[in-house]
Amino acid sequence: MDKKNLAFDKVNFILLAVGMAIVIIGFVLMSGSGSSEKTFDLDIFSTMRIKVAPVVTFLGFASIIYAIIRKPKDKNED
């Protein structure tokens, strides 16, 4: 297989994996117990779930976009 024809290099895949991990962390931060018909949980309005987790998730998606757009450096191996 010719490495010059690959769209991604090793760094792109690492950045993509890191971005996906950040997105997963953001979704885990957003999750938690919710309210039911019998009890109301005020934790659904916590700062972690409303402000911090969406920002972390957005940064993860932004890093995924950067990993996709990033152009691998050419290695002129003649």
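Bear in mind these aren't lab numbers, they're just calculated from the coordinates by the rules spelled out. Predicted model, so just to flag it, every value in this text is computed and none were measured. Cβ atoms come from the backbone with ideal geometry, glycine included; neighbour counts cover every protein chain shown.
This model, with +1 at the C-beta of Lys and Arg and -1 at the C-beta of Asp and Glu, gives the chain a dipole about its Cα centre of some 180 debye.
Each of the peptides 64-70, 21-27 was scored by the mean count of other Cβ atoms within 10 Å over its residues; in descending order, highest first, they stand as 21-27, 64-70.
Mean-square fluctuations from a GNM of the chain, with a 10 angstrom spring cutoff on Cα atoms, peak among Phe40, Phe13, Phe61 at Phe40.
The mean sequence distance of close C-alpha pairs (under 8 Å, at least 6 residues apart), as a share of the length of the chain, puts its relative contact order at 45 percent. Counting Lys and Arg as +1 and Asp and Glu as -1 over every other residue whose Cβ lies under 13 Å from the Cβ of Val18, the net charge comes to +2. Of the options Ser31, Ala62, Ser46, report the single residue whose Cα projects farthest towards the positive end of the charge dipole of the chain (beta-carbon charges: Lys, Arg +1; Asp, Glu -1). Ranked along the dipole, the leading option is Ala62.
What's the local net charge at Gly32, with K and R +1, D and E -1, over the other residues with C-beta under 11 Å away? Its environment carries a net charge of -1. A helix-only calculation puts the chain at -16500 deg cm²/dmol for mean residue ellipticity at 222 nm, using -39500 (n - 2.57) for each DSSP H run of at least four residues, averaged over all residues.
Modelled spin labels at Val52 and Glu37, positioned 7 Å past Cα toward Cβ, are 3.4 nm from each other.
For Kirkwood radius over Cα pairs in Å, several values are listed as (i) 13.4; (ii) 15.0; (iii) 15.8; flag the one computed from this structure. Correct label is (ii).
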